[in-house]
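The structure appears right after this line, and notes come after that.
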Amino acid sequence: MIDDVKSDAEHRMQKSLEALEHELRKLRTGRAHASLLDHVKVSYYGSDVPVNQVASINVADPRTLAVSPWEKKMVPAVEKAILNADLGLNPVTSGDVIRVPLPALTEERRRDMIRLVRQEAETARVAIRNVRRDANHALKAMVKDKAITEDEERRAADAVQKLTDQFIAEVEQILKRKEADLMEI
């Protein structure tokens, strides 16, 4: 029972880390990468689908993405979706290829991005602490039901705390990497 609580807590903490990394991928760093457009949705036959399901996204050069829709009639829809995605990007269509140049980041914009990164990291820390709280609550319920002793609960709570510390340290490492990446010119 205790192992179930610990493994569930570890699994949920890992999911929090994955969610943080997913959110940070959306923030651009000045270099072109295909995952920048992952969350852009295109209206395709009445349903919204990710742009990477209706087009291939390639890195043309370090500051330009090349988006090639698989259907010629999707070019305007993909261009409009990228423009409306609130990423500060201005796509340029040439034939059936959409070029997306990435403007250089200003110092002020970099600071704003770092503020956003720190907010995302704090959200991940809070999520990890909530998992710890839930695990400790489950352990206390087991003691109350007399399924485990208080000593076992204390040892398990210490193990959950070590897990929490480990995952929060990983959040800090991810945060430092992303900040360094954003400040790189």
Here, trypsin sites (Lys or Arg not before Pro) of the stretch 116-178 satisfying both criteria (DSSP loop; at most 16 other Cβ within 10 Å) are Lys146
Connecting every pair of Cα atoms under 10 Å apart in the chain and solving the GNM, the largest mean-square fluctuation among Pro62, Pro91, Pro101 falls on Pro62
One quarter of the C-alpha convex hull surface, i.e. the mean projected area of the stretch 46-102 in nm², amounts to 3.8 nm²
Once both label points are put 7 Å beyond Cα along the C-beta direction, the Gln166-Glu71 separation in nm becomes 4.8 nm
From the cross-link list Lys26/Lys162; Lys15/Lys41; Lys6/Lys26; Lys15/Lys146; Lys41/Lys72; Lys26/Lys176, the entries with a Cα-Cα span beyond 27 Å are Lys26/Lys162; Lys6/Lys26; Lys15/Lys146
About its Cα centre, the stretch 34-101 carries a charge dipole, from +1 on Lys and Arg Cβ atoms and -1 on Asp and Glu Cβ atoms, whose size in debye to the nearest 20 is 120 debye
Taking a crude spin-label model, label points 7 Å out from Cα along the C-beta direction, the Asp158 to Asn52 distance in nm is 4.4 nm
Loop-resident trypsin sites (Lys or Arg not before Pro) in the stretch 1-46 with no more than 16 other Cβ atoms inside 10 Å, DSSP not H/G/I/E/B, are Arg31
Relative contact order in percent for the chain (Cα pairs under 8 Å, 6+ apart) equals 25 percent
For Val171, Val143, ascending order of other Cβ atoms within 10 Å (fewest first) is Val143, Val171
Cβ density ranking, 10 Å radius, fewest first, applied to Glu18, Glu10 yields Glu18, Glu10
Classified through the alpha carbon gyration tensor (a ≥ b ≥ c as square roots of its eigenvalues; rounded if a/c is under 1.5, else prolate when a/b is larger than b/c, else oblate), the stretch 11-61 comes out oblate
If every Lys and Arg gets +1 and every Asp and Glu gets -1 at its Cβ, then about the Cα centre the chain yields a dipole, in debye to the nearest 20, of 460 debye
Helix 2-26: inclination vs the chain longest Cα principal axis, degrees, rounded to 10, gives 20 degrees
Taking a label point 7 Å from the Cα of Glu107 along Cα-to-Cβ, the residues of the stretch 157-185 whose backbone nitrogen sits under 14 Å from it are 183-185
Note: Arg129 to Ala147 extended length (0.36 nm per residue) minus current alpha-carbon separation gives 4.0 nm
A chain fully extended from Glu21 to Leu83 at 0.36 nm per residue, minus the present Cα-Cα distance, gains in nm 19.9 nm
Per the Kirkwood formula over distinct C-alpha pairs, the hydrodynamic radius of the chain in angstrom is 19.1 Å
Taking the chain and counting helices only, DSSP H stretches of n ≥ 4 at -39,500 (n - 2.57) each over all residues, the nearest-500 ellipticity at 222 nm comes to -20500 deg cm²/dmol
With the dipole of the chain defined by +1 on each Lys or Arg Cβ and -1 on each Asp or Glu Cβ, the option from Ala157, Val5, Asn130 whose Cα lies farthest towards the positive pole is Asn130
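Every number here is computed from the coordinates shown, using simple stated rules; none is lab data. What you see is a predicted model; the values in this text were computed from it and never measured. When we count neighbours, we look across all protein chains shown, and the Cβ atoms used for this are built from the backbone with ideal geometry, even at glycine.
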